[in-house]
Structures are given as C-alpha cells and as structure tokens.
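A.B. asks: Sharing a structure with you now.
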Amino acid sequence: MGVIRKTLNWYARLSPSHGISPPPYKHVVQIGDPTLRRVSESVSLEKIRTKEIQGVIEKLKQVMYRYGSVGMAAPQVGVNLRIFVMRLTDKQISDISAEVIKDRDITAVPYTVYVNPQLKVVDYQKVVHPEGCESIKFFKAEVARYNAVQITGYNPEGESICQLYKGWAARIAQHEMDHLDGKLYTDIMDRKSLCCTLWEEVNMAKGKVAIPFSPE
Ligand SMILES: [Zn+2]
C-alpha cells in the first residue's frame, strides 16, 4: 500500500508544465486505464485527411514499430477513435520457430491502416493459441479466435479498403477490433492459462525483476 501511495503522489505532482504531452501518447497505456474500456467513436470521413487524424495514424505507426508489435489500436495511445494499424514482417516471422509458424498459421501482413473498420467472420471455426497485448505487458493467455475474418474500412487517404485474413493475421485483426469496442483479451481468455511471460526470470533473479513499460 505504501508503494502505491508513493506512486500516486509522484503522479499527482506531474502536470503538462512538467512535460506530459496530451494523447496521442508515445507510449502504450496499460490495463486499468479507462481509455481501454471505452467504445471508441467513428471518424467522420471528411476528417480522415485532417492533420489531427493523420497525426494519430502516424503516432500509432511509430509506437507499433518502436514496440516491435504486430498491431496497435488508437485507444492504446490514449485516443478513443476507431483506428488501428497492423503488420507482420518477414523479419518478425524469422524469429519464430518453424513449428510455431505452421501450428499458428503465421504469414506476413503488409503495414495496413484501418479507419472505421468493420469485421465480418468468414470462418466460424475457432482456434486457440497464446495471445499477448502491449497494454497487458509481460502477460499472455490462451484465447479462442475465429479462423478467418474480413475487414473493411478506410485507408489514410479516405479510400475504402477490404482484406481477408486467416490464421494469425485474423487473430491480430480480431484483437485490434476488440480494442475499439473497449474489450481486452482478458475478457475472453482461458483464465487458468494466464501467465507472466517472465515467471522463470523472477525465480532466477530471486524476484528482482523490473517490467519495462516502454522499449527504452
Ligand atoms: Zn492489444
């Protein structure tokens, strides 16, 4: 309790004059932040090309790349708008074992921005695999997702786009869509599978492990 109090006091001392910028943030907000639980608002189509919306898209891209993640939704950088980005590069896939790539049906996804996305389930068969989230840092759990989905929406130029995803790419798309409706994987996970990804390090370091909430 003492530690919590100390943290809150530290937080209370911070104000914009101390260098805290308003959203979109350069960091990813964490579970407990009310922004992650709101249903995000649609972007009016005539506003997509405005500096404000382009700025949110650019920040999402920067944060996703900086964290090395495969998807990022606007609420995760503190903005309740229906925008998400996703990508899965060959380089990211090269770090995954051949067995896992095959088992989870992992394929490359080009960098894609969706404004006001809508999801249609194409294959109702559900697939269960471990899933993580930058907003629930250093945890993972087994989550069931549909095997194939279609996402329609608008690109940063305001043109309508449509893409079919299957396997792991479909999982990423479903995960990011959930963020726009204030949902997290912890709502639908197999609860007994929730696991701290650093549990072995905690034992090796006799508990002295710090979780970094930002890459640097
Ligand atoms: Zn997430």
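The values are calculated or read from the model by the stated rules, or taken from the named source; none is laboratory data. Quick caveat, the model's predicted, so the values are computed rather than measured. As a convention, Cβ positions derive from the backbone with ideal geometry for all residues, glycine included, and neighbour counts pool all protein chains shown. When the accessible area is computed, the model is the full protein with side chains, heavy atoms only, and any ligands, DNA or RNA have been set aside. Shrake-Rupley method; radii C 1.70, N 1.55, O 1.52, S 1.80 Å.
A.B. asks: On a straight-distance basis, which lysines could pair with residue 102 in a cross-link, Cα separation under 29 angstrom, same-chain partners fewer than 8 positions away excluded?
C.D. replies: 61, 91, 120, 126, 137, 140, 166, 183, 192
A.B. asks: Between residue 137 and residues 5 or more places away or on another chain, which pairs have amide H atoms under 5 Å apart, with H built 1.01 Å from N, and which residues are they?
C.D. replies: Here the answer is 31, since their amide H atoms fall under 5 Å of that of residue 137.
A.B. asks: Hey, got the dipole for the chain? About the Cα centre, +1 on K and R Cβ, -1 on D and E Cβ, debye to the nearest 20?
C.D. replies: Magnitude of the dipole: close to 640 debye.
A.B. asks: While we're on this one: How much mean residue ellipticity at 222 nm does the chain get from its helices, if each DSSP H run of length 4 or more adds -39500 (n - 2.57) and you divide by all residues, to the nearest 500 deg cm²/dmol?
C.D. replies: -8000 deg cm²/dmol
A.B. asks: Can I ask one more? Modelling each spin label as a point 7 Å along the Cα-to-Cβ direction, I'd like the residue 196/residue 124 distance in nm, to one decimal.
C.D. replies: So the two model labels end up 4.1 nm from each other.
A.B. asks: Ordering 159, 134, 142 from largest to smallest accessible area (1.4 angstrom probe), what's the sequence?
C.D. replies: 159, 142, 134
A.B. asks: Using a 1.4 angstrom probe on the protein heavy atoms only, could you order 168, 199 from most to least accessible area?
C.D. replies: The residues order as 199, 168, largest area first.
A.B. asks: With just the Cα atoms defining each centre, how far is the range 62-83 from the range 162-216? Give it in Å.
C.D. replies: Cα centroid of the range 62-83 versus Cα centroid of the range 162-216: 14 Å apart.
A.B. asks: By accessible area of protein heavy atoms, probe 1.4 Å, what ranking do 197, 112 get, highest first?
C.D. replies: 197, 112
A.B. asks: Residue 206: which aspartates and glutamates have alpha carbons under 13 Å from its alpha carbon, excluding same-chain residues fewer than 8 sequence positions away?
C.D. replies: Filter leaves no residues.
A.B. asks: Out of 85, 54, 143, whose Cα points farthest toward the positive end of the dipole of the range 37-158 (charges: +1 Lys, Arg; -1 Asp, Glu; placed on Cβ)?
C.D. replies: Most positive-ward Cα: 54.
A.B. asks: Could you order peptides 93-105, 71-83 by the average number of other Cβ atoms within 10 Å of their residues, highest first?
C.D. replies: Listed from highest to lowest mean packing, they are 71-83, 93-105.
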